[in-house]
Amino acid sequence: MPNKLQQILSHLPSVNALLSCDTGRELIDRYGRLKVKEAIKNTLSEARQKATKDQIEDTPAILARIKQFLKAEDGFSLRRLINATGTVLHTNLGRAPLSPLLKGQFLNIAFSYSNLEYNIAAGKRGSRYEHITGLLKELTGAKDALVVNNNAAAVMLTLTALCQNQQVLISRGELVEIGGNFRIPDVICSSGGQLCEVGTTNKTHIEDYARAIGETTGAILKVHTSNFRLIGFSSTPKIEELAALAHAHDLPLIYDLGSGLFIDLERFGLPHEVSIKKALESGCDIVTFSGDKLLGGPQAGIIAGKKEYIEKMRQNQLLRALRVDKLTFAALEATLSLYRDESDALNNIPILKMLSLSQEHCEKKAKILFSNLQNHDFPLKCELVASQNSVGGGAYPEHLLPGYALALSSPTLSAERLEERLRALPIPVIARIKNDRVHLEMRTIAEEEMGELLNLLLLLKTD
Ligand SMILES: *Cc1c(COP(=O)(O)O)cnc(C)c1O
């Protein structure tokens, strides 16, 4: 080691010196000795690194960085943020925000004991699943239902319980990857089933399924292709045809619907999609779907359908590994109960409200924000622009919703730097860059967040 460096390093304060100085003692009072010591060690090792590059820090600078380190650690890692991307079901941003109407029930269940697995009337052990089976039966027409961790888990449990060592028939056009390594062929195999591909990529006929059925066939599986579409010369049999074929051979027809559609969204100009109820009415024996996609509830996987099949899943030990906690049940039951009255659901489930917003409504929101910013001498250039938003969560991939954005730009900052500064605000604002401008999409910013967003934008530093 060169002498000079050795000298610098020997001048760095010791851990003990930093712990026992005035600032050190203040920090210990606030954060506890253990955390402060950790922060000191971290900061000193950084200071040594810097010293080797001839960047020398004195004790006050080191103390300032220790403070900064502790302050950053003070906050939670999981934080709320403002979604200005315009994508309603954004998996990276937590998918569906829950209805504010759930708050009361959430607090009740989270901070007290509850009858999660207790039958109050009988004074005995009960089942956690009973809290939602009634509602799910009522809303979907299914004879029975179960809830697991997410839809991926729902598909795994269904195949594990119903198709062990048996063939699972699936159209070649439905062998998709949903994302996050959820690939249907691999899921079938890892659930203990044998993949039996039917038809071709673009066309699969009912006769293709019929020919493939044999002694070892366990089920016919249909999978919603989610964020992928086949267009042009393509077709698959109707659910009714598949159901008739499956039932003639005593096989279950399983449909992974992905997004759980409970109400008709054609009213918002979205294309037709099969609802859960319709899929079951058309003859599916088991349907699976997510709780936090179009349903607008918490992360969960819902399995609904025939009693005999659901019963087999109930008996499978995998269910225990996939089970969800009381907070999920609280949020799911309260979300589902809103669907008892369609207008309750439409008025109170945030993602349904966002999907229903017209372009005019988004424009109005953008204009209000625009004029509020002008009134405060906002230093950035603001432009109102018509835009297009997507539903997200794998739903309606080819359909864009006409929206409206406030496009920000600066003569001194690049769009990339500006986008970065929006993320660094006390409540991060997540926005997208388009044509060298940062777009704040109005669709996904809740009415209640607009005032907050204004205040946040006024904190932006533009130098
Ligand atoms: C989204 C989706 C899944 C995965 O659901 P998660 O709830 O994210 O686990 C599985 N299948 C389809 C068709 C989907 O769209």
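The values are calculated or read from the model by the stated rules, or taken from the named source; none is laboratory data. Being a predicted model, the structure only gives us computed values, none of them experimental. No Cβ is skipped: glycine too gets one built from the backbone with ideal geometry, and neighbour counts run over all protein chains shown. Just the protein is used for accessible areas: all its heavy atoms, side chains included, with ligands, DNA and RNA removed. Shrake-Rupley method; radii C 1.70, N 1.55, O 1.52, S 1.80 Å.
Could you list all residues from the stretch 39-57 that are assigned to a loop (DSSP other than H, G, I, E, B) and open to solvent by less than 80 Å² (accessible area, probe 1.4 Å)? The one that is assigned to a loop (DSSP other than H, G, I, E, B) and open to solvent by less than 80 Å² (accessible area, probe 1.4 Å): GLU57.
Of the residues making up the stretch 174-207, just one is in a helix (DSSP H, G or I), more than 26 Å from the chain's Cα centre (by Cα) and touching a residue at least 24 places away in the same chain (Cβ under 8 Å), namely ILE206.
Within the set LEU373, LEU406, LEU401, the sole residue that is crowded, with 21+ Cβ neighbours inside 10 Å, in contact with a Cys (Cβ under 8 Å, 6 or more places away or on another chain) and in contact (Cβ under 8 Å) with a residue 40 or more places away in the chain turns out to be LEU406. Just a yes or no: is a residue in the stretch 345-366 within 30 Å of THR140 (Cβ to Cβ), open to solvent by 60 Å² or more (accessible area, probe 1.4 Å) and under 30 Å from the mean Cα position of the chain (by Cα)? Within the stretch 345-366, one or more residues are within 30 Å of THR140 (Cβ to Cβ), open to solvent by 60 Å² or more (accessible area, probe 1.4 Å) and under 30 Å from the mean Cα position of the chain (by Cα). Scanning the stretch 237-250 for residues that are more than 15 Å from ARG211 (Cα to Cα) and part of a loop (DSSP other than H, G, I, E, B) yields a count of 2.
Within the stretch 125-176, the residues that satisfy the criterion of being over 30 Å from GLU215 (Cα atoms), open to solvent by less than 10 Å² (accessible area, probe 1.4 Å) and within 13 Å of the ligand (Cβ to nearest atom) are VAL147, VAL148.
Looking at the stretch 440-463, which of its residues are closer than 21 Å to PRO379 by Cα, touching a helix residue (DSSP H, G or I) at 6+ places or on another chain (Cβ under 6 Å) and surrounded by 22 or more Cβ atoms within 10 Å (Cβ to Cβ)? Within the stretch 440-463, just MET442 meets the criteria.
Which of the residues belonging to the stretch 223-239 are within 14 Å of the ligand (Cβ to nearest atom), open to solvent by 70 Å² or more (accessible area, probe 1.4 Å) and aliphatic (A, V, I, L, M)? Scanning the stretch 223-239 gives no hits. If the condition is being open to solvent by 60 Å² or more (accessible area, probe 1.4 Å), away from the ligand (no atom under 16 Å from the Cβ) and within 27 Å of the chain's Cα centre (by Cα), then the stretch 376-398 contributes ALA386, GLN388. If only residues of the stretch 212-222 that are within 29 Å of LEU261 (Cα to Cα) and small (Gly, Ala, Ser) are counted, the one that is nearest to the ligand (Cβ to nearest atom) is ALA219.
It is to be established whether one or more residues within the stretch 323-339 are loosely packed, with under 15 Cβ neighbours inside 10 Å, of a type in the set (D, E, K, R) and under 19 Å from the mean Cα position of the chain (by Cα). Yes, there is a match, as at least one residue in the stretch 323-339 is loosely packed, with under 15 Cβ neighbours inside 10 Å, of a type in the set (D, E, K, R) and under 19 Å from the mean Cα position of the chain (by Cα). In the stretch 413-429, the residues that are of a type in the set (Asp, Glu) form Cβ pairs under 8 Å with partners that are surrounded by 14 or more Cβ atoms within 10 Å (Cβ to Cβ) and part of a loop (DSSP other than H, G, I, E, B), at six or more places apart or across chains, as follows: GLU419/ALA431. LEU318 passes every criterion in (1) over 20 Å from GLN388 (Cβ atoms); (2) open to solvent by less than 20 Å² (accessible area, probe 1.4 Å) apart from (2).
Residues are listed down the side, and each one gets a yes or a no for (1) among the aliphatic types (A, V, I, L, M); (2) open to solvent by less than 10 Å² (accessible area, probe 1.4 Å):
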site: LEU251; (1), (2): yes, no
site: ILE254; (1), (2): yes, yes
site: SER259; (1), (2): no, no
site: LEU265; (1), (2): yes, yes
site: HIS272; (1), (2): no, no
site: LYS278; (1), (2): no, no
site: PHE289; (1), (2): no, yes
site: ASP292; (1), (2): no, no
site: GLN299; (1), (2): no, no
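Taking the numbered list (1) at negative phi; (2) within 16 Å of the ligand (Cβ to nearest atom); (3) of a type outside the set (A, V, I, L, M) in turn, GLY179 passes all entries but (1).
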